[in-house]
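What follows is calculated from the coordinates using simple rules that are stated; it is not laboratory data. Keep in mind it's a predicted model, so treat the numbers as computed, not measured. Neighbour counts are summed over all protein chains in view; Cβ atoms, including those assigned to glycine, are modelled from backbone coordinates with ideal geometry.
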Amino acid sequence: MAIPKDILAIERPKNTIVIRTNKTEPPRYAVRSRLGCIYDHGRRVPKNGPIIGHIDVEAKKYIPVCPGAKKSSDKNLEIKRLSRIENVDIKDWANVVLADRLFKPVLEELKKFYEVHDAIKIYVISILRVCNKGVKDNELQEEYLTSYLSELYPNVPLSKNTVSVFLKNLGKAFSRIVLFMQNRVQHVNVDHHLLIDGTLKSNESRINTLSDYSRKALKKGTRDISVMYAFDLELKEPICSKCYPGNMLDLTAYEDFITENNITQGIIVGDKGFPASSARKSFMDNPNLHFINPIKRDAKIIQELNLYEYDGALSNNDHILYRKSQDTKSNKWLYSFKDLSLSSAEEKDYIHRATKNKNFSTEKYEKKKQEFGTIVLETDLDLSPEIAFSSYNSRWEIELVMRYYKHACEFDETRVHDDYSVIGSEFCDFLSSLLTYKMINHFDKHNLFDTMNYKKIMKMLERAKKVNLPNKGWVLRKLTKNHEELLMKLDLVPNAEQDVKESKVQSSKSA
């Protein structure tokens, strides 16, 4: 039934609609808020919110539903009114504001490949996953409403069903994810080191093709998906990622990962699971793409080039011996290193295990002795031994990436089921890990890790909330001195002492 024009003409809040709540006479009218729009089979359909007031037909006036309304003698009606209070006046502030400040360029990148409202939704989900460790999809709406993100980016629909459908559609539009990753890879320079590694995430779904038993999972009896990452050592942040079936070997996915993400330049530093031979075509087709990776200790080339006969010690580390040789057949350079301290530890461990198992053999020991504490690298670059060693030794950074990815953000288990949802959720996880490293780099820049770890810093930021006070607006809640100092260091609040010093300097100059 159409709403009379004189009722619609009554002044009421913006972004609201009038609905009739009864079918009998006299008519009663309520006012509902608009939350935005949703997509339904390609059409934008308005989404209505809660009832925020009603129309007094006799007085021709809008009456809001609020805590200050006149109390009713009807207790049931009073309870009903209180249940409609949905405003949140205390919200997490410092953590999401800092995340938004550091992550804003990524939102602009997302807008190149997604509609603005979709880009914002991806962006908000990614920030919430970082600022609310281990948050589940069905908890995103609550975390969003209780954080200042809902003020910075209002009316983002994040209900359980909305997020579920959205992640599925995000995974369906896979080509956009690929374009986003390729766009990020373009920022990699020729001399940048790309650390590539993979990790496993538990996934027990029976309805997607990515969940399968990996080599490790067979021992623990669960199925996984495999996530491959590339980390730019110079930029100190993840560049791209992709998920594969849990039973796929790293070397099988290696060339596909390089090709799909259009990695055409840089120095890829891989582990033994990423031999250059498994991505030979990519390296041959891209002259600016190089590799440094270890080979097995029993490789024939080691004996052929006498790589365990060392030339001397590294100039910057005298307990590491080295030898540099060139394999003219493959046009590769090979570097062997022996860490004397590690060699002693490995030798002790070998003797202990052999004695314990009662299979110690002098012949085997003498043959194995030369391998203790060694690593042999192959590369298509002519480098100094010091640079070759430090380039590979930097791979510990990717271990930190995986640790933060799986534990600091609690991304070690995927809770979605079909292929599309896994791909969409993993894309948001990649963005969350990217934001995590931007936060880490920012904390490190301000020397916060000298006294605190990442977990403690995030906990302190979470306590800095803003309160919406009558006639004052959003005001930062009173904090302890330690919390205030942290916010000052991160430039989230002005430093009063610094402002006084600067004003004195300006006064003295003007005088």
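Values as computed for the structure displayed
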{"read-out": "Spin-label model distance (nm) - ARG34 vs ASP256, 7 Å beyond Cα toward Cβ", "value": "4.6 nm"}
{"read-out": "When each of LYS47/LYS459; LYS14/LYS438; LYS91/LYS242; LYS242/LYS300; LYS300/LYS358; LYS133/LYS172 is checked by Cα-Cα distance, pairs over 31 Å", "value": "LYS47/LYS459; LYS14/LYS438; LYS91/LYS242; LYS242/LYS300"}
{"read-out": "At R0 = 56 Å, FRET efficiency that the Cβ-Cβ distance of LYS236 and GLU11 yields, to 0.05", "value": "0.55"}
{"read-out": "Under 5 Å, built H, 5+ apart or other chain: amide partners of HIS192", "value": "ILE267"}
{"read-out": "Separation of the ASN155 and LEU476 label points, Cα + 7 Å toward Cβ, nm", "value": "3.0 nm"}
{"read-out": "Near-label residues of segment 237-278 by backbone N, under 12 Å of a point 7 Å along Cα→Cβ of ASN288", "value": "263-267"}
{"read-out": "Sequence-distant aspartates and glutamates (8 or more away, or on other chains) whose Cα lies within less than 12 Å of LYS296", "value": "ASP271, GLU371, GLU378"}
{"read-out": "Simple label model, 7 Å out from Cα along Cβ direction - LYS47 to LEU381, nm", "value": "4.8 nm"}
{"read-out": "Cβ-based net charge around GLN265, under 14 Å, with every Lys or Arg adding one and every Asp or Glu removing one", "value": "-4"}
{"read-out": "Calculated diffusion of segment 290-390, Stokes-Einstein form, Kirkwood radius summed over Cα pairs, 4 °C and 1.567 mPa s, µm²/s", "value": "89 µm²/s"}
{"read-out": "Reach of LYS489 by Cα under 18 Å, taken over aspartates and glutamates that are not fewer than 8 positions away in the same chain", "value": "ASP100, ASP444, ASP450, GLU462, GLU497, ASP499, GLU502"}
{"read-out": "Neighbour-count ranking [beta-carbon atoms within 10 angstrom, fewest first] of LYS281, LYS338", "value": "LYS281, LYS338"}
